[in-house]
């Protein structure tokens, strides 16, 4: 008998009909003799609707009140699912974050978990009750309702699995696992059966939308095995486990495309110690996440500095950088949001020399110019012109042998 | 500087635009130097929509889960109003029932308040924060969310006013107070400026929809002055206070019409001790509220017994009564939902003999046959045929001098 934490995302509980199907899925697990703890997101676009109401009131709503507002979405869904399970003859109880209580700090809209006592849940489980937990939310020390930010329901599920020492944590979503590339871009992308936390982290950080970085980090920290699967289609699933458990290692596990990237260049800045800090510190203060940074070789004591940032921060960043540019006497600031970042990810990179070279060669063969490069133990990223993005993904995917084998031609 | 608890009903907070107007009303009170504590219902028909979802799942939902579901309606509204007040420059915080905490017993869907500590609210008030409380809800000892049943937000407001020793409790609704009769039935009905708790209790119990019996009882018990007024139209208001405070006493304060009434008669039952109990006990067990009971004079040791019940319980009651009728050998059971109850209410009844006679005479003058009569210190009720209901209200209203004086004819 296994103890399984199951998390159902918004698309899995988008309607009462979806909720009924989720309850039937839970039923199957119970019939196998497993204990289950359920975590749910808000139904469909409920969260967006609540946010829209708040923004109709003001462009900068009280974050405490926004949390109190949004938390109702998951509470509604948890109550409806518990109700559905009860109507099928199970014992079930819904719990809000405050009821567990899932204790957080008081940073509204992106609170972090500080404590998660399990007494209430263990009591429920011992009475044969299926606990249905409203994900994404907690309570601060003063009793205020908090929310955990993006991917919050996944975080709730993983934290519960860790504290309950569950056998594994199932993440039900609208895709049936992780693929070697976005199948919409790369039709021959392969389904991945097993991958390491580290690989998933790199993929998540690079725009693969299956799971949020934070919950994968938490799973890694507490060694909670994750299973990503679809609620409604097929039986495929992707296990995300520790590196040792990933047997069938290919060098590259996947290829991603990040579109929300912009590039800022400062031309002809004085090449003196501390200059990069002077330029980048205001961005850090404004909580703008600077990613790749390149400074070219200095000529006549002048250099150029280029870095990438999320496109959503481009306006603010340009403003800050132009101010510094005037202070330090740079020749010019150039901003460009016409770029994308293509990355190859895999734990094989660190042990296989020449992986980067193969990637560059594949891009070159398609006449794609590489504007910036960065590498790490697990990843190689290239910034290229936006219009080549999808072609680049397919080329890199192919060069590392990730394409699904073509069906043999019919023999007749 | 007064401390005022203000309760805003569902129609007062039906949209974001309504909520903005409520916030402006709060603003006026703050500018007068008053401290305010706000209690809100769910927006418009939100509660009905949530109930509809639950009934789509099952006809008998888990009551614990139904409470968890419904409580979100008030939570959403409280967060949105607090947000609106903050956007106007006030300090405001929303609180759910669990956050206060408003402690109740564990009778889901109709819980009763057992404790209501005010520490959180007093702290907020001392910091200049406007507390916005989600009405209708509380928490049981085990932490489960409970709801207080019909009129629950009024109950929350009155309980808070009592515990905070507020100067008074304002009930904002879609009518501008209490009238001597329903103006839709009786166009010349007069607005009532002041009335006693007891009069309001009788009127509420007889179908006047302005306030629920329970919250008026609570206000009477703790001597909380109530003010009923409209959020959006005019400046009229009705004060509901203790009997001594009601100066301008007329004999009759109002006339009501109850339509949701049915009559059940058992014909020719043996006239022996305990027979009424034998007939009515099964109804009490089924929680059917039997109102007027009449047994006619016995002839040859046989009598007829007639009583009234809410029409919604007629099916169940008929079933139970027919069973008893067979057991005791009654001749026949007759059920009739073609009746209404007209009542005159006023604290003057007990001290003015002949009031009942005046009412009967007024009905008789309109050729309306009285089928059943009951009286109490504060009220006289007559059951009559349904089709005469509205005519009867106007006749009784007129006979007690409650009609609004006609405008004098223009002199030209």
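The values are calculated or read from the model by the stated rules, or taken from the named source; none is laboratory data. Everything numeric here is computed off the predicted structure, so don't read it as measured data. Neighbour counts are summed over all protein chains in view; Cβ atoms, including those assigned to glycine, are modelled from backbone coordinates with ideal geometry.
When residue A:315 is tested against (1) in contact (Cβ under 8 Å) with a residue 40 or more places away in the chain; (2) exposed (fewer than 15 other Cβ atoms within 10 Å of the Cβ); (3) over 24 Å from the mean Cα position of the chain (by Cα), just one condition goes unmet, and that condition is (1).
For the stretch A:337-386, a tally of residues being touching a helix residue (DSSP H, G or I) at 6+ places or on another chain (Cβ under 9 Å), in a strand (DSSP E or B) and surrounded by 13 or more Cβ atoms within 10 Å (Cβ to Cβ) returns 15.
A single entry from A:390, A:327 fulfils the requirement of being in the same structural domain as residue A:294 (by TED's automatic domain parsing), in a helix (DSSP H, G or I) and free of Cβ contacts under 8 Å to residues at least 60 places away in the same chain: A:327. Exactly one residue out of B:238, B:256 is part of a strand (DSSP E or B) and under 26 Å from residue B:6 (Cα atoms), and it is B:238. Within the stretch B:26-35, can one find any residue that is assigned by TED's automatic domain parsing to the domain that holds residue B:83, touching a helix residue (DSSP H, G or I) at 6+ places or on another chain (Cβ under 7 Å) and assigned to a helix (DSSP H, G or I)? Yes, the stretch B:26-35 has at least one match. State whether one or more residues within the stretch B:14-25 are in contact (Cβ under 8 Å) with a residue 12 or more places away in the chain and part of a strand (DSSP E or B). Among the residues of the stretch B:14-25, not one is in contact (Cβ under 8 Å) with a residue 12 or more places away in the chain and part of a strand (DSSP E or B), which makes the answer no. Please specify each residue of the stretch A:148-174 satisfying the condition of being more than 14 Å from the chain's Cα centre (by Cα) and farther than 23 Å from residue A:35 by Cα. Within the stretch A:148-174, just A:174 meets the criteria. Give the residue that is nearest to residue B:61 (Cα to Cα), with candidates limited to residues of the stretch A:22-37 that are crowded, with 17+ Cβ neighbours inside 10 Å and within 14 Å of chain B (Cβ to nearest Cβ). Only one residue tops the list, namely A:23. Among the residues of the stretch A:38-64, the one identified as facing chain B (nearest Cβ under 7 Å) and within 21 Å of residue A:78 (Cβ to Cβ) is A:53. Scanning the stretch A:2-10 turns up no residue that is within 12 Å of chain B (Cβ to nearest Cβ), closer than 29 Å to residue A:175 by Cβ and modelled with pLDDT of 95 or more.
Taken together, the residues in the stretch A:277-294 that are outside any loop (DSSP other than H, G, I, E, B), buried (at least 16 other Cβ atoms within 10 Å of the Cβ) and either at positive phi or without any contact (Cβ under 8 Å) to a residue 40 or more places away in the chain (or both) amount to 2. The residue of the stretch A:387-412 that is modelled with the highest pLDDT, among those that are loosely packed, with under 14 Cβ neighbours inside 10 Å and either closer than 17 Å to residue A:181 by Cα or in contact with a strand residue (DSSP E or B) (Cβ under 7 Å, 6 or more places away or on another chain) (or both), is A:401. Residue A:211: within 12 Å of the chain's Cα centre (by Cα) and assigned to a helix (DSSP H, G or I), yes or no? No; evaluated as a whole, the condition is false for this residue. Could you please give the count of residues in the stretch B:82-111 that are more than 11 Å from residue A:68 (Cβ to Cβ) and in contact (Cβ under 8 Å) with a residue 24 or more places away in the chain? Number satisfying all stated conditions: 20. When residue A:301 is tested against the conditions (1) within 17 Å of residue A:325 (Cα to Cα); (2) touching a strand residue (DSSP E or B) at 6+ places or on another chain (Cβ under 7 Å); (3) surrounded by 13 or more Cβ atoms within 10 Å (Cβ to Cβ), the lone failure is (3).
For the criterion of being at the interface with another protein chain (Cβ under 7 Å from one of its Cβ atoms), in contact with a strand residue (DSSP E or B) (Cβ under 9 Å, 6 or more places away or on another chain) and more than 22 Å from residue B:146 (Cβ to Cβ), residue B:68 fails.
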